Amino acid sequence: MTCKIVTIVGARPQFIKAAAVSREILKRPNDIQEVMVHTGQHYDPNMSQVFFDELEIPAPKHNLEISGGGHGVMTGRMLEGIEQILLDEKPDWVLIYGDTNSTLAGALAAAKLHIPVAHVEAGLRSFNMRMPEEVNRILADRVSTLLLCPTDTAVANLADEGISQGVSNVGDVMYDVALYYRERARVSSTIMARLGLEKKCFALATCHRAENTDSPERLREILHGLAMIGRELPVVLPLHPRTRKLVSDYFLEELLEGLTVVEPLSFLDMVALEQAARVILTDSGGVQKEAYFYGVPCITMRDETEWIETVSSGWNTLVGASGARITQAYAELDSHYRDASANPYGHGHASRIVVDCILSRSR
């Protein structure tokens, strides 16, 4: 009997993770069938459709086109839409990724209909309850049947919360993606030539997390730090539409003048830049790990990170939202020890293990 799953995605990181697992599902058409639901949380074409195209993800059967509004409005509308889809599709499992509002809505809709939930990237904790993502991931873990963790640390976090049933360290599906697409990005992306960049002669930066962008003070400090680095090294900053609007609202445009500001990039263009950068500065969890996978030093503009392995191995430095600490971390790049032997995220087979776990619980 074929196992039917409904996969819930809605934001860039979920598209990337789903690509790896969906590819594995397609290898087993007699065992498992996937129905993709796109909530629409990321609505800009550069943040959604291009990822389906480049990552070869099957087109979503359902698109709820829900974006904008506050967390409550967005999550509530998603919950309503996903619930109806689940009633119509009658899946055996709901598969969710990460920590977005789409993740929480999918988890709640399934749990209330007594459909088992498999959570990829379970067990991550920043221990900062002011982050909407922390609330989402904790609640999603509480109602999940399968908690598919990327690291031993994530397993330990769940054990500390009294959760051990259904928990597995499957490895990180993002590592699967990194291995699969790294050479393709080098060959097919023209972003380096388009921006006139040379390998290891530029910095790559991203800034989108609400804790940074919703605070004029934190955003000003981050942009000031990037601007200071930009005096010595070109800084490429793909700017999320929401962040760009807030920069304007806070009258911070002058801090962008020394930076190479571009529109959000396609996945392959981003991977090409990540591999070629001298250093990456980010507040994104996914980009922190991608830097680690590609052996590029990372400066994380947050007060904490879920990916503590990148810090303990010396590849990642936490600086918060301080312009002085950002520039200091950049100045100390060459003197920083980095362990190149660590491999805490598995061996590139996490997607296969995810599908195996679901099928083993379905028989």
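The values are calculated or read from the model by the stated rules, or taken from the named source; none is laboratory data. All of these numbers come straight from a predicted model, not from anything done at the bench. All Cβ positions, glycine included, derive from the backbone under ideal geometry; neighbour counts span all protein chains shown.
List of remarks:
- The set of residues in segment 287-329 being among the small types (Gly, Ala, Ser), surrounded by fewer than 21 Cβ atoms within 10 Å (Cβ to Cβ) and part of a helix (DSSP H, G or I) consists of SER312, GLY323, ALA324.
- Every test in (1) assigned to a loop (DSSP other than H, G, I, E, B); (2) more than 17 Å from the chain's Cα centre (by Cα); (3) over 26 Å from GLU24 (Cβ atoms) is passed by SER126 save one, and that test is (2).
- Check on THR213, among the β-branched types (Val, Ile, Thr) and buried (at least 21 other Cβ atoms within 10 Å of the Cβ): yes
- Boolean, ALA118 is closer than 19 Å to ILE8 by Cβ and in a loop (DSSP other than H, G, I, E, B): no
- Checking the stated criteria, TYR175 turns out to be of a type in the set (Phe, Trp, Tyr), under 16 Å from the mean Cα position of the chain (by Cα) and at pLDDT 95 or above.
- One residue from SER102, SER144 being assigned to a loop (DSSP other than H, G, I, E, B) and within 21 Å of ALA20 (Cβ to Cβ): SER144
- The criterion of being in contact with a Pro (Cβ under 8 Å, 6 or more places away or on another chain) and either farther than 21 Å from ALA19 by Cα or of a type outside the set (Phe, Trp, Tyr) (or both) does not hold for ARG352.
- Number of positions in segment 306-325 that are touching a strand residue (DSSP E or B) at 6+ places or on another chain (Cβ under 7 Å) and more than 18 Å from ALA340 (Cβ to Cβ): 2
- Long-range neighbours under 9 Å by Cβ, at least six apart or interchain, first residue without any contact (Cβ under 8 Å) to a residue 40 or more places away in the chain and assigned by TED's automatic domain parsing to the domain that holds ASP88 within segment 1-28, second of a type in the set (D, E, K, R) and assigned to a helix (DSSP H, G or I): LYS27/ARG352
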